[in-house]
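For reference, the structure discussed in these notes is given below.
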Amino acid sequence: GKELSDPFKEDLVRAITDHYFDELISSDSIRNYAEFFFERGYFRESAPLFLIILDKSENMAELFGKTGFCYQKTGDYAKALSFYKKAELFDTNRFWILKKIAFCLRQQNKFEEAIGIYTEASKLQPEDVFVEISLGNCYLELRDFKNALIHYHKARYLDPGNESILRPLSWCCFMEGQLAESKDHMTMYVGESGNRHDFLNL
């Protein structure tokens, strides 16, 4: 149950990836180490171990997905995207994979591509609030406030108590000249969590 020190984790991973233990450690054991690191949030250490066992496993979709997640959590969105796309080829848990692909595209400022992927995900689960907010955020980044409003309004309808929607919703209304509606949304949060920009807009 103790936390592992960084030097120990690094030495262990290096020993395995450099094949020092090939005669002593089976593929199953390497998978166990990879899962152990993954479950504890040691994504930098688990990624190279997943790579070792990818060619030796039948459950490719799960491994591609987990490897992609490791790279995502360490900020390497290009590599994460490549593994998520490989996972998508197996068409298992496709909704989760599509969200991850779109997220990585957003992190690389590829908002139009992300919109296409989120739209595919929305067709699979039309009432997913996260997807609707993400679509709104992508359109907001492109300064397409009209389309952003469509998805923020839908997210607000699906989850009326979600206050995280209020700021971007009120801003898009503001930019579209819908000042009364913008004010209504803004006053719901400006007293509790408003910043100086919110008060200025209000």
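For the reader, a short list of remarks on this structure follows.
- Summary value for region 85-151: 24 percent relative contact order, contacts being C-alpha pairs under 8 angstrom separated by 6+ residues.
- In nm, spacing of pseudo-spin labels at GLU120 and LEU158 (7 Å Cα→C-beta vector): 1.8
- Stretched out straight at 0.36 nm per residue, the stretch from GLU112 to ALA78 would grow longer than its current Cα-Cα span by 10.6 nm.
- Gain in span if fully extended, ILE150 to SER29, counting 0.36 nm per residue against the direct Cα distance: 38.6 nm
- Helix-only mean residue ellipticity at 222 nm for the chain, each DSSP H run of n ≥ 4 adding -39500 (n - 2.57), per residue, nearest 500: -22000 deg cm²/dmol
- Förster radius 41 Å - calculated FRET efficiency between ARG143 and ARG94 (Cβ-Cβ, nearest 0.05): 0.85
- Selected from LYS123, LYS85, LYS110 as most flexible by GNM, with the chain as the system and alpha-carbon contacts under 10 Å: LYS123
- Cα gyration tensor shape of region 66-153, rounded if a/c is under 1.5, else prolate or oblate by comparing a/b with b/c: oblate
- Using a probe of 1.4 Å, the accessible surface attributed to GLU163 totals some 120 Å² when neighbouring protein chains are kept in position.
- Accessible area per residue for the chain is 57 Å², calculated with a 1.4 Å probe on protein heavy atoms, without ligands, DNA or RNA.
- Electrostatic bookkeeping for ALA34 treats Lys and Arg as +1 and Asp and Glu as -1; over the other residues with beta carbon under 9 Å from its beta carbon, the sum is 0.
- Cα pair distances of region 145-202 binned at 5 Å [whole percent]: 4, 21, 33, 25, 14, 2
- Under a Gaussian network description of the chain, with springs only between Cα atoms under 10 Å, the residue in ILE101, ILE117, ILE52 that fluctuates furthest is ILE52.
- Taking each of LYS85/LYS123; LYS110/LYS154; LYS86/LYS154 in turn, the alpha-carbon distance tops 21 angstrom for LYS110/LYS154; LYS86/LYS154.
- Taking only Cα atoms of region 92-133, radius of gyration then Dmax in Å: 9.4, 27
- Accessible area of the chain belonging to carbon and sulfur atoms, whole % at 1.4 Å probe: 50
- Entry note, region 26-135: relative contact order of 17 percent, from Cα contacts under 8 Å with a spacing of 6+ residues.
- When every Cα-Cα distance of the chain is counted in 5 angstrom steps from zero, the calculated P(r) takes the values 1, 7, 13, 14, 14, 11, 11, 9, 8, 6, 4, 2, 1, 0, 0 percent.
- Relative contact order of region 144-202, defined on C-alpha pairs under 8 angstrom at six or more residues apart (%): 29
- Region 83-99 and region 121-157 have Cα centres separated by 21 Å.
The values are calculated or read from the model by the stated rules, or taken from the named source; none is laboratory data. Values in this document were obtained by computation on a predicted structure and should not be read as measured data. Methodologically, a virtual Cβ is constructed for each residue, glycine included, from the backbone with ideal geometry; neighbour enumeration extends over all protein chains shown. Protein only, heavy atoms only, side chains kept; ligands, DNA and RNA dropped before computing areas. Shrake-Rupley method; radii C 1.70, N 1.55, O 1.52, S 1.80 Å.
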